[in-house]
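Worksheet for the structure shown next.
The values are calculated or read from the model by the stated rules, or taken from the named source; none is laboratory data. Since we're looking at a predicted model, the values are computed, not measured. Note that we place each Cβ from the backbone using ideal geometry, even for glycine, and neighbour counts take in every protein chain shown.
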Amino acid sequence: MVIKVFVATSSGSVAIRKKQQEVVGFLEANKIDFKELDIAGDEDNRKWMRENVPGEKKPQNGIPLPPQIFNEEQYCGDFDSFFSAKEENIIYSFLGLAPPPGSKVKKSPEEASSLPNGDVVGEAQGTREGTEKAEESGENEAQKEDNEDAGNLAESQEKNEKIRLELTSYANLPLICFFSPKPQCMVVYPHCKS
């Protein structure tokens, strides 16, 4: 399968040239086979591109602007669709290609939720079974949080006791206190006489 990127090599628009360069540069950098087809110099390419972009993807004036991306005859999308797929790390599914072996590319949400036989993930599981598991995990999480809170309270009390003991050890010395803007923070230094 060959990716076809329709571009206008003599475009006067800087924005269009930048978008075309980004698409072509990305495909080259990722070693994805593609053909760059010029619509400015070849009337057949321009006509084919305009006829094969789906109606809902055409702008209000009816003339789609480059770059437009196809996988053979299958329309993939325009620059905005390409950019979104790239950002979501689903570019291979956008292009209709299998990701290279060993890549960490995410599947599109549709691909990730469907099984090879066409079923949707999770349909086979009964609703009651799923509800019971959710309730159990909710109870377990609540117990863990309670245990953590109890542990945090004990640690906090230990710290307060240590601080109190340190402060009382300076009881016979004059103290200089510095108060921070936060009422819970107070720094106490023993007064040094030299």
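Would you please name the residue that is modelled with the lowest pLDDT, looking only at residues in the range 31-41 that are assigned to a loop (DSSP other than H, G, I, E, B) and loosely packed, with under 13 Cβ neighbours inside 10 Å?
Residue satisfying both the conditions and the ranking: Gly41.
Can you pull out every residue in the range 77-97 that is of a type in the set (S, T, N, Q) and within 20 Å of Pro54 (Cβ to Cβ)?
Ser81, Ser84, Ser93
Just need a number here: residues in the range 65-98 that are in a strand (DSSP E or B) and crowded, with 19+ Cβ neighbours inside 10 Å.
Going through the range 65-98, the residues in a strand (DSSP E or B) turn out to be 68-71, 74-78.
With crowded, with 19+ Cβ neighbours inside 10 Å added as a condition, the list becomes 68-70, 76-78.
Residues that pass the stated criteria total 6.
Going residue by residue through the range 57-64, is there one that turns out to be surrounded by 15 or more Cβ atoms within 10 Å (Cβ to Cβ) and aliphatic (A, V, I, L, M)?
no
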